[in-house]
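Novice: Sharing a structure below in structure tokens format, with a few things to ask.
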Amino acid sequence: MAEIFTGIGKIPYEGPKSKTPLAFKFYDAEKVVAGKKMKEHLPFAMAWWHTLCAEGRDIFGAGTTDKAFGAAQDTMEHARAKVDAGFEFMQKLGITEFCFHDTDTVPEADDINETNKRLDEITDYMLVKMKETGIKCLWGTANMFSNPRFVNGAGSTNSADVYCFAAAQVKKALDLTVKLGGRGYVFWGGREGYETLLNTDVKLELENIAALMKMAVEYGRKIGFKGDFLIEPKPKEPMKHQYDFDAMTSIAFLRQYGLDKDFKLNIEANHATLAGHTFAHDLRVSAINSMLGSIDVNTGDPLLGWDTDEFPKDVYDTTFAMLEVLRNGGIAGGFNFDAKTRRPSYTHEDMFLAFIHGMDTFALGLIKAAAIIEDGRIDNFIKEKYSSFNSGIGQKIRSGQTSLEELADHAAKLKKPEMPGSGKQEYLESVVNSVLFNN
Ligand code: XUL
Ligand code: CO
């Protein structure tokens, strides 16, 4: 098999002072930070769709990046070329896992039986490569948003026949995920939402989505899938309103339909900000509900209101994200680069530069988050801030051993409370800066 990314070798770690473009400056896989190797803190994954399929097309113009990898588009030869390119790419970057949609891997046929045959064939080939390289599958999923049959949704469609096609794709994608030893299975509800309530039965749609997920859990467990099912929340795009709006909404949905034992969340940075939150907010909400499963690291642009899927670049964001991850004791899933290079960054070299940049940005986030914890000023401030709940009436509130009457009596005796203490936001922000820029 001929090398595809010629002229680019294994990407080395050269350290922060390096000016070599094709070298890591901060991601040092073997380096121990906060008691674990960086590669264990940050199991990075490559997304099949953006890395091997997306050509930089936008609504105004054609693709700019060559993703043919020497084969004719929409052929099984091309599907195999993408496997070759993907494994070479991951090996050169030291990426140990990948994520895929069924339809990223093969051209979809008109007849689902033919598509399934192609999927069997390509995953046989992927398995060979996985054995050869030791690269693993982080998660699989079914694309239930691109095909025109899903125009009105998949689990939320008005057509029972289309619903069966969604079910068939989930079943097959679960088969493939198990075949490839995937650690997770994701539901991103791309078209599970609505444009207008005028034509939508919200209750029926939510119940049908839940039923599809329930059947997926039953089938998955039957065929030996032991990993987490994951919902990837997103508030909008492509639909105006999507049901899995954000972490809290998705958790409530999972609990309402009894799916919370089998599901966790896959939090994507960009989706959290589209919902009007910070990335760290949705990580925190997931973590405190024991629902933080996996992460899609790609970010957006604060000046644009849509899902730009950019490589992580903001060290504040990754630091605050890694603070949540470290406080959670890590995550069972991984860090998936659901990210694509900008349309003008159209060379194969740009793909490597983008991943190096993204992996370095997360490595820096990890280093700085560990330093903030080590520094202790932030954690100590929070501990102290809530210390009135450690004893006396506060402790009684926390342990549920009081009543509204007793609390009212306490207030009456005090007549007027002292001010609760400064939040010290500006000071705490300066602490973060001092840790981030102390050398
Ligand atoms: C879309 C998105 C998806 C999911 C998988 O915004 O993030 O690519 O990650 O379907
Ligand atoms: Co995603």
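Throughout, read-outs are computed from the coordinates displayed, never taken from laboratory work. Note that this is a predicted model, so its numbers are computed, not measured. Every residue, glycine among them, receives a Cβ derived from its backbone with ideal geometry; neighbour counts consider all protein chains shown.
Novice: Quick one: grab the alpha carbon gyration tensor of the chain, order the square roots of its eigenvalues as a ≥ b ≥ c, and give me rounded if a/c is under 1.5, else prolate or oblate depending on whether a/b is larger than b/c.
Specialist: On the way: a/c = 2.09, a/b = 1.32, b/c = 1.58.
In terms of gyration-tensor shape, oblate.
Novice: Next question. Using the Kirkwood radius over C-alpha pairs as Rh, can you work out the diffusion coefficient of the stretch 65-157 via Stokes-Einstein at 20 °C, viscosity 1.002 mPa s, in µm² per second? The partial results should precede the final answer.
Specialist: Working: Rh = 14.4 Å.
Stokes-Einstein gives a translational diffusion coefficient of 149 µm²/s.
Novice: Under 10 Å, Cα contacts only: if you run a Gaussian network model on the chain, which one of Leu52, Leu198, Leu292 comes out with the highest mean-square fluctuation?
Specialist: Leu198
Novice: Which whole-angstrom value gives the distance between the alpha carbon centres of the stretch 1-60 and the stretch 252-300?
Specialist: 25 Å
Novice: Run the numbers for Lys17 and Val32: contour at 0.36 nm per residue of separation, minus the present Cα-Cα distance, in nm. Mind dumping the intermediate values first?
Specialist: Numbers: separation 15, 0.36 × 15 = 5.40 nm, distance 1.94 nm.
Fully extending the segment from Lys17 to Val32 adds 3.5 nm.
Novice: If the reach is capped at under 13 angstrom between alpha carbons, list the aspartates and glutamates near Lys203, excluding any in the same chain fewer than eight residues apart.
Specialist: Lys203 reaches Glu192.
Novice: Pairs Lys222/Lys261; Lys172/Lys261; Lys136/Lys368; Lys129/Lys179; Lys131/Lys261: which exceed 20 Å Cα-Cα?
Specialist: Values: Lys222/Lys261 16 Å; Lys172/Lys261 23 Å; Lys136/Lys368 28 Å; Lys129/Lys179 13 Å; Lys131/Lys261 32 Å.
Flagged as over cut-off: Lys172/Lys261; Lys136/Lys368; Lys131/Lys261.
Novice: Let me ask you something else. Ranking request for peptides 363-370, 62-69, 90-97: highest mean number of other beta-carbon atoms within 10 Å first, then the rest in descending order. Working shown, then result.
Specialist: Values: 363-370: 23.4, 62-69: 15.2, 90-97: 19.9.
My ranking of the peptides, most packed first, is 363-370, 90-97, 62-69.
Novice: Tell me the mean residue ellipticity at 222 nm calculated for the chain from its helices only (DSSP H runs of n ≥ 4, each -39500 (n - 2.57), averaged over every residue, nearest 500).
Specialist: Values: 15 runs with 195 residues, N = 439.
Helices in the chain give a 222 nm mean residue ellipticity of -14000 deg cm²/dmol.
Novice: Looking only at Ala252, Ala287, Ala142, which one moves most when the chain is put into a Gaussian network model with springs between Cα atoms under 10 Å?
Specialist: Ala252
Novice: Given a Förster radius of 60 Å and the C-beta distance between Arg221 and Tyr427 as r, what FRET efficiency does 1/(1 + (r/R0)^6) yield to the nearest 0.05? Each step should come with its number before you reach the end.
Specialist: Values: r = 50 Å, r/R0 = 0.84.
With a Förster radius of 60 Å, E is 0.75.
Novice: On to the next question. On a straight-distance basis, which lysines could pair with Lys424 in a cross-link, Cα separation under 16 angstrom, same-chain partners fewer than 8 positions away excluded?
Specialist: Result set, ordered by chain and number: Lys383, Lys385.
Novice: Using Cα centres only, tell me the gap between the stretch 92-112 and the stretch 198-212 in whole Å.
Specialist: 29 Å
Novice: Using each residue's phi in the stretch 389-394, evaluate 6.51 cos²θ - 1.76 cosθ + 1.60 at θ = phi - 60° and report the 3J(HN,Hα) Karplus result to the nearest Hz, with x for Gly and Pro.
Specialist: 8, 8, 8, x, 5, x
Novice: Would you mind checking the pairs Lys37/Lys234; Lys117/Lys171; Lys226/Lys340 and listing those with alpha carbons more than 20 angstrom apart?
Specialist: Values: Lys37/Lys234 31 Å; Lys117/Lys171 14 Å; Lys226/Lys340 30 Å.
As for pairs spanning more than 20 Å Cα to Cα, those are Lys37/Lys234; Lys226/Lys340.
Novice: Is the stretch 200-286 best put as rounded, prolate or oblate by its Cα gyration tensor, with a ≥ b ≥ c the root eigenvalues, rounded for a/c under 1.5, and otherwise prolate when a/b is larger than b/c, oblate when not? Please list the in-between numbers first.
Specialist: Numbers: a/c = 2.19, a/b = 1.34, b/c = 1.63.
Oblate shape, in that a/c is at least 1.5 and b/c is the bigger or equal ratio.
Novice: Each residue of the stretch 85-99 in order: what ³J(HN,Hα) in whole Hz does its phi give by Karplus 6.51 cos²θ - 1.76 cosθ + 1.60, θ = phi - 60°, with x for Gly and Pro?
Specialist: 5, x, 6, 4, 4, 4, 4, 5, 8, x, 8, 9, 9, 9, 10
Novice: Could I have the simple spin-label model distance between Ile378 and Ala68, label points 7 Å from Cα toward Cβ, reported in nm to one decimal?
Specialist: 4.9 nm
Novice: Take each of the peptides 199-205, 133-139, average the number of other beta-carbon atoms within 10 Å over its residues, and list them starting from the highest.
Specialist: Details: 199-205: 13.0, 133-139: 19.1.
Top of the packing list down: 133-139, 199-205.
Novice: Whole-Hz Karplus ³J(HN,Hα) for the stretch 415-426, in order, using 6.51 cos²θ - 1.76 cosθ + 1.60 and θ = phi - 60°, x for Gly and Pro?
Specialist: The phi angles translate into 6, 8, x, 6, 4, x, x, 5, x, 6, 4, 5 Hz.
Novice: Under a 5 Å amide H to amide H cut-off, with H placed in plane at 1.01 Å, what residues pair with Gly293 once short-range neighbours are removed?
Specialist: Leu265, Ile267
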